[in-house]
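The structure appears below as C-alpha cells.
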Amino acid sequence: MPEGDTVHQAAARLHRALAGEILTRSDLRVPKYATADLTGRTVLDVTPRGKHLLTRVEGGLTLHSHLRMDGSWKVYAPGERWRGGPAHQIRAILGNAHHTAVGYRLPVLELLRTADEHRAVGHLGPDLLGPDWDPERAVRNLRADPARPLGEALLDQRNLAGIGNVYKSELCFLARVTPWIPVGALDEDLPERLVAAAERLLEANRDRPDRSTTGRRDQHLYVYGRAPRPCLRCGTPVRAAEQGEGNSRDRVTYWCPTCQSGPTP
C-alpha cells in the first residue's frame, strides 16, 4: 500500500532513472494529455510530496501523479520485459537511452506548469519526509478539530502528509488508543508523541524494502492485516472494521481490543 515511505522510494527510483537525461519517449495515456509530447526535454528531478510524485521537466513543466491504492511506477532497462500489468493499465511512459519508466493504474496523472504545482499539492500539511516537516504545525493541525476521530485525523493529508492506513493503525496501537477516539479526548501530550512516532517510523522505513514498525524480523507489523490473529503484545485476537465516510470507507482499520482503549464500532 503506497504511503509516504513507499512514495519516497518510488521517487528515488524514478530520479535515478530519469533525472539529467533527455526523454526519447513520452506517452501520456489519458485523454486530456494524449497529444502532449515531452520528448527532447531533460528531466530535472523527481520529488515526492506526501503521497504525490512530481516529475519536473525542462521548460517549466511538471508531471504530477498519485498512486492511491493500486498505482505504481516501474523502471525497466532496454530490452527488459515489462511486468507491471497488462498494456491497457499503462497510463504513462517516460523513456531515455538507458531506462524506461512505466506508470500503471495511475488514478491521477496531470501535466501542469511547475509554477502551478501548488494546485496539486498546496493543500497538503507538512510532509513527514520532506524539507518542510514541521512537527509543531502538524500537532496544531491534528488538534484543530477535537471531535474528529483520531484515525481520520491522521489520514487527512491536510494535517500531515504521508500517513496511510498501515501507519494509522500501527500508530494508534503504539499510542494504546483506538482509531475512533476523538482527538480532544487524548492525553495532553499524546498528539506530540504520535507525531514524533510517525516521523520516526517513516524515517526508519524510507529506504527499507519491507516496512516494519515492530523492530522484529519475524513480524513486521503489530496489528495491520493481522485480524483475527493474536495481538503480538497480549495475545487477544486483533479486530478489523471500516473507518471513515464516503470513499474512505474501504479503508479497513485494525486494532487490539485489549491493548487499545477508546470507542470502537
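Computed from the coordinates by the stated procedures, all read-outs in this text should not be read as laboratory data. Note that the structure is predicted; figures quoted are calculated from it, not measured. Here the Cβ positions follow ideal geometry from the backbone for every residue, glycine too, while neighbour counts run over all protein chains shown.
Descriptive notes on the structure:
- Applying both filters, DSSP loop and at most 10 other Cβ atoms within 10 Å, to the trypsin sites (Lys or Arg not before Pro) of the range 48-88 gives ARG81, ARG83.
- Relative packing of peptides 175-181, 34-40, 102-108 - highest average C-beta neighbours within 10 Å first: 175-181, 102-108, 34-40
- Measuring spread by the Cα atoms of the range 2-143 yields a radius of gyration and Dmax of 15.2, 52 Å.
- The simple spin-label model puts a point 7 Å past each Cα toward its Cβ; for ALA196 and ASP218 those points are separated by 3.1 nm.
- The C-alpha atoms of the chain define a longest principal axis, and helix 4-18 lies at about 20 degrees to it.
- Spin-label model distance (nm) - ALA144 vs ARG105, 7 Å beyond Cα toward Cβ: 3.2 nm
- The magnitude of the dipole of the range 1-143, with charges of +1 and -1 set on the Cβ of Lys/Arg and Asp/Glu and taken from the Cα centre, is near 380 debye.
- Residues with amide H under 5 Å from that of LYS51, placed H, sequence gap 5 or more: GLY162
- Compactness of the range 36-119 is given as radius of gyration and Dmax, 12.8, 37 Å, from Cα positions.
- Förster-model FRET efficiency, 51 Å R0, GLU188 and ARG25, C-beta, rounded to 0.05: 0.40
- Note on the range 84-158: Kirkwood radius taken over Cα pairs, Stokes-Einstein applied at 10 °C and 1.306 mPa s, translational D equal to 101 µm² s⁻¹.
- Helix 165-175 axis, angle to the chain major axis (alpha carbon atoms, nearest 10°): 30 degrees
- Among the GluC sites (Glu not before Pro) found in the range 73-164, those both in a DSSP coil and sparsely packed, with 14 or fewer other Cβ atoms within 10 Å of their Cβ, are GLU80.
- Charge tally in the Cβ shell below 11 Å around VAL166, where Lys, Arg are +1 and Asp, Glu are -1, VAL166 excluded: 0
- Summing charges over all other residues whose Cβ lies under 9 Å from the Cβ of VAL7, with Lys and Arg as +1 and Asp and Glu as -1, gives 0.
- With Cα atoms, 0 to 90° folded angle of helix 190-205 axis to the chain main axis: 40 degrees
- Packing-based ranking, highest mean first, of 217-223, 203-209 given that Cβ atoms within 10 Å are counted: 217-223, 203-209
- Within the shell defined by Cβ-Cβ distances under 11 Å, the residues around GLY85 carry a net charge of +3, with Lys and Arg each +1 and Asp and Glu each -1.
- The convex hull around the C-alpha trace of the range 112-250, projected and averaged over every direction, spans 9.9 square nanometres.
- Near THR253, the amide H atoms lying under 5 Å from its own belong to ALA241, GLU242, GLN243; only residues 5 or more places off or on other chains count, and H is placed 1.01 Å from N.
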